[in-house]
Amino acid sequence: MKRKIEKTDAQWRGQLTPEQYEITRRKGTEPAFTGAYWDCHDRGTYRCVCCGAPLFDSADKFDSGTGWPSFTAPLDGDGVESEEDRSFFMHRTEVHCASCGAHLGHLFPDGPAPTGRRYCINSASLVLDRAGEGEKE
């Protein structure tokens, strides 16, 4: 089992922008069609904005029409964790970074083949390591 990155609330607030903090640490959601990556077609690896863990590959990104970056699968099966979310009188599956627990977005069963899944992710929870810029591990 991978050891989780733990920081105090003050440390997270000092590291993140107010929007990133609200989304990743308080389970917020950015408005649709406003995030940096919802319509981004650059190639590369999407990483956790909090800890830098690799989460999604641009090859698995698709246009879901929802206004948020959407992926058919995580980069590594162990990089993203999920849990039941019953907030706002809905039944959804929340996804978060396995390394630091950052809220990323939600998982829905309405994605394209081959997985049939749609990882609907907030842009503010990601940073794109563009292809050709080198790995930042």
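For ALA124, state whether it is in contact with a helix residue (DSSP H, G or I) (Cβ under 7 Å, 6 or more places away or on another chain), assigned to a loop (DSSP other than H, G, I, E, B) and buried (at least 16 other Cβ atoms within 10 Å of the Cβ).
No: the conditions fail for ALA124.
Quick check on this structure: which one of SER123, SER82 is among the hydroxyl-bearing types (Ser, Thr, Tyr) and modelled with pLDDT of 95 or more?
SER123
The values are calculated or read from the model by the stated rules, or taken from the named source; none is laboratory data. Please read all numbers here as calculations on a predicted model, not as lab measurements. Positions of Cβ are backbone-derived with ideal geometry, glycine not excepted, and every protein chain shown enters the neighbour counts.
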